[in-house]
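Only the coordinates and a few stated rules stand behind these numbers; no lab work does. Everything quoted here is computed from the prediction, not taken from an experiment. Neighbour counts are summed over all protein chains in view; Cβ atoms, including those assigned to glycine, are modelled from backbone coordinates with ideal geometry.
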Amino acid sequence: MSSIYLYLVVMAVVTYLVRLLPLTLIRKEIKNTYIRSFLYYVPYVTLAVMIFPAILDSTASTVSGLVGFLVAVILAYSGRSLFTVSIFACLSVYIVELVI
């Protein structure tokens, strides 16, 4: 039972250090364009990494999730509204689930 507390303490320390070190080590403005562009895309990549597996696992079959994802990407890339993208993605998942 005490190893669980050890795991919790290690997790807390690592989480705290990840948040604390950038604040203490980087005090000046970052001028390197490569690092700035990398840091610009970090939130988008993090969001995509969290959402994509949930899209595939949220339906009864992976195929229907993938079809809904592809429909959403195509419609979003063509400039459709968020409401239109979500409705057509849900409808495509529903239709694929009926067929499968």
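Odds and ends about this structure:
- Convex hull volume per residue for the chain, taking Cα atoms only, in Å³: 173 Å³
- Against the main long axis of the alpha-carbon atoms of the chain, helix 82-99 sits at an angle near 60°.
- Arranged from fewest to most other beta-carbon atoms within 10 Å of their beta carbon, GLU29, GLU97 become GLU29, GLU97.
- Folded to 0 to 90 degrees: helix 62-77 orientation relative to the chain principal axis, Cα: 80 degrees
- 3J(HN,Hα) along the stretch 15-26, derived from phi through the Karplus expression 6.51 cos²θ - 1.76 cosθ + 1.60 where θ = phi - 60°, amounts to 4, 5, 5, 4, 8, 7, 4, x, 5, 8, 8, 10 Hz, with x in place of Gly and Pro.
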